[in-house]
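Below is one structure; the comments refer to it alone.
The values are calculated or read from the model by the stated rules, or taken from the named source; none is laboratory data. Being a predicted model, the structure only gives us computed values, none of them experimental. Neighbour counts are summed over all protein chains in view; Cβ atoms, including those assigned to glycine, are modelled from backbone coordinates with ideal geometry. With ligands, DNA and RNA removed, areas are computed over all heavy atoms of the protein, side chains included. Shrake-Rupley method; radii C 1.70, N 1.55, O 1.52, S 1.80 Å.
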Amino acid sequence: MRVRLEDVARAAGVSPKTVSRVLNDEANVTDATRERVRAAMEAMDYRPHPSARSLAGNRSFLVAMLYDNNDNPASTYLAEIQDGVLEACDAHRYSMMVRPLRMRDGDFIRRFDALISDHHPDGVVLTPPITDHAPLLKRLRERNVPYASVSPLRHGKTIGVAMDEQLAARAIVEHLLELGHRRIAHVIGIADHGASRWRLAGYREAMAAAGLSEEPALVVQGAFTFGSGVEAARQLFSLAKRPTAVFAANDDMATGVMWAAGEYGLKVPHDLSVCGFDDTPLSRQLWPALTTVQQPSREMGKIAAEQLLSVLRGNPGRLVQVPFSMQIRGSTAIAP
């Protein structure tokens, strides 16, 4: 026989509404009562029905994660963000849905409105570049939908999570400079991503600090995909004087650069040093393993969701800054 919320309430000596408040992580329950209710739920192996959780308020207990499907939907970065959001939702007994929205479509806001009307999420987690889409942010405020942002371009009163990507990019280019490289190329990510701007700015900062003028031919547009890394590398390797090192704005593109190096008969790192950004599992599966910046993407997804869930429970949220670390591996070496 299925254990009901009322059974838990009777065993714990409280009202059904109090059990619902404990399920919803609401603040107006004493610690002693909360522990007693949780002990009763565990002892009875109680699995709440979604409607039982809604007893104390009109809530769906659903969080929506939105991403722009102009991006590669199979990208490791998005997958890790998603895993982190799911971990936080599971810990607080929330469901999660993942929904692609194409920013460049004329019906972007209409489709967002339909999502909210059809599924009634209690809040949303925004990923780049949707994070900085001004019409969407305006619509979220108009509809009073709480949201948290991953790597927002503008901080202000935004809640969510961020990392100093410009400083991290500068650090990895400085690593190449310390190895004696001077012809260092950069493969840029998607133009409307904050990450692309920050990583390009970090590259430029490091080069300027070393007294090196930027060569336009060494800065090539990519799209955060393996294929765009291959195409960018082909452009770079076709130059009369090719670069001795390439900093790609993410690991997928860096992998494409390494693949193209093999196509051109270049050995990494003997002929060409390559580094990326993100420290995805792929970076450790290559040979040689990829030098990269570790961005804790899974943890960032978890933190963004936790800040959103804090707001949904009536508590304040904030923008959490996370640190980066350098992962120096076999793909970089002293300049030839």
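The figures follow:
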quantity: Gained length - Arg313 relative to Trp259, 0.36 nm times residue gap less alpha-carbon distance; calculated: 14.6 nm
quantity: Ordering of 121-133, 286-298 by packing [mean C-beta count within 10 Å, highest first]; calculated: 121-133, 286-298
quantity: The chain - share of DSSP beta bridges that are antiparallel (%, nearest 5); calculated: 10
quantity: Charge-dipole axis of the chain as Lys and Arg at +1 and Asp and Glu at -1 on Cβ define it, positive-most pick from Val29, Ala169, Ala88; calculated: Val29
quantity: Accessible area (Å², per residue) of the stretch 233-336, counting only protein heavy atoms and a probe of 1.4 Å; calculated: 42
quantity: Rounded to 10°, Cα long-axis angle of helix 108-119 versus longest principal axis of the chain; calculated: 30
quantity: Cα long-axis angle, helix 76-91 against the chain (0 to 90 degrees, to the nearest 10); calculated: 20
quantity: The stretch 59-186, relative contact order in percent, only Cα pairs under 8 angstrom and at least six apart counted; calculated: 25
quantity: Charge sum, other residues only, whose C-beta stays under 11 Å from Val230's C-beta, Lys/Arg counted +1 and Asp/Glu -1; calculated: -2
quantity: Portion, in percent, of the accessible area of the chain that falls on carbon or sulfur, probe 1.4 Å; calculated: 51
quantity: Separation of the Leu239 and Arg111 label points, Cα + 7 Å toward Cβ, nm; calculated: 3.7
